[in-house]
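In what follows, a structure is listed as structure tokens, so that the remarks can point back to it.
Just so you know, all these numbers are worked out from the coordinates, no wet-lab data involved. As the structure is a prediction and not an experimental result, all values here were calculated from the model. In this analysis, Cβ positions are derived from the backbone assuming ideal geometry, glycine residues included, and neighbour counts consider all displayed protein chains.
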Amino acid sequence: AFGIIISAFGGGTVIGMILGGVLPRSDDSRLGLVIMTVWSTMGIGTALMGLATTTPVAAILGAAMGTANGYVVIIFLTWLQTNTPDSMMGRMMSLFGFSTVGLAPIANAGFSAIISWNLSVAFIGAGLLMTVVVLGALLINPSMRSMQMLQPVDAEMSQ
């Protein structure tokens, strides 16, 4: 069952990446809102995963979350690389790589401990926490809705 769900997520990720590359890019004034909405939807999908009682239902949820993940990765990385000065690109991409790949084992270890206690509560709690954090960030920081730079990067500072 785990292999089927992970494979569905991976297949969905490929589809989402293709969609992120071929669909028209959102207007910059709404880009943050689009990204954050998709991320909050992934939180809802994670919570629903805790309620799934059959492998096909969990696989469908996995595929949908993978599609959302792939789409967001492409449009967010495009925005990030477009808005990062060339002299800072290596540092920025290493931070992004560390946050997505380097922290995964730590998150997996923590989540494994919670899963051993109660699988459904772990997924529902993680999904709701993700949704609340993302929607809270949208409410607290309005600049995230447009993903505009708050102030231009000083050329001297980046050297």
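The label-point distance for Met92 and Arg30, in a model that sets each label 7 Å from Cα toward Cβ, rounds to 2.4 nm. Averaging the Cα positions of each part gives two centres, and for the stretch 78-109 and the stretch 14-62 these lie 20 Å apart.
Between Phe111, Phe98, Phe123, the residue with the greatest mean-square fluctuation in the GNM of the chain (Cα pairs under 10 Å linked by springs) is Phe98.
Of the residues Gly43, Gly97, Gly12, the one that moves most in a GNM of the chain with alpha-carbon contacts below 10 Å is Gly97. Zone of Ile115 (label point 7 Å along Cα→Cβ, backbone N under 13 Å): which residues in the stretch 1-17? Zone members listed by number: 1-7.
Extending 7 Å from the Cα toward the beta-carbon at both Val14 and Ala107 defines two label points whose distance is 2.3 nm. Placing unit charges on the Cβ atoms only, positive for Lys and Arg and negative for Asp and Glu, gives the chain a dipole magnitude near 320 debye about its Cα centre. Computed with the Debye formula from one identical point scatterer per Cα of the chain, without solvent, the log10 of I(q)/I(0) at q = 0.13, 0.16 Å⁻¹ comes to -0.71, -1.04. Taking R0 as 25 Å, what's the FRET efficiency between Leu77 and Ala1 from their Cβ-Cβ distance, rounded to 0.05? The formula returns an efficiency of 0.20 here.
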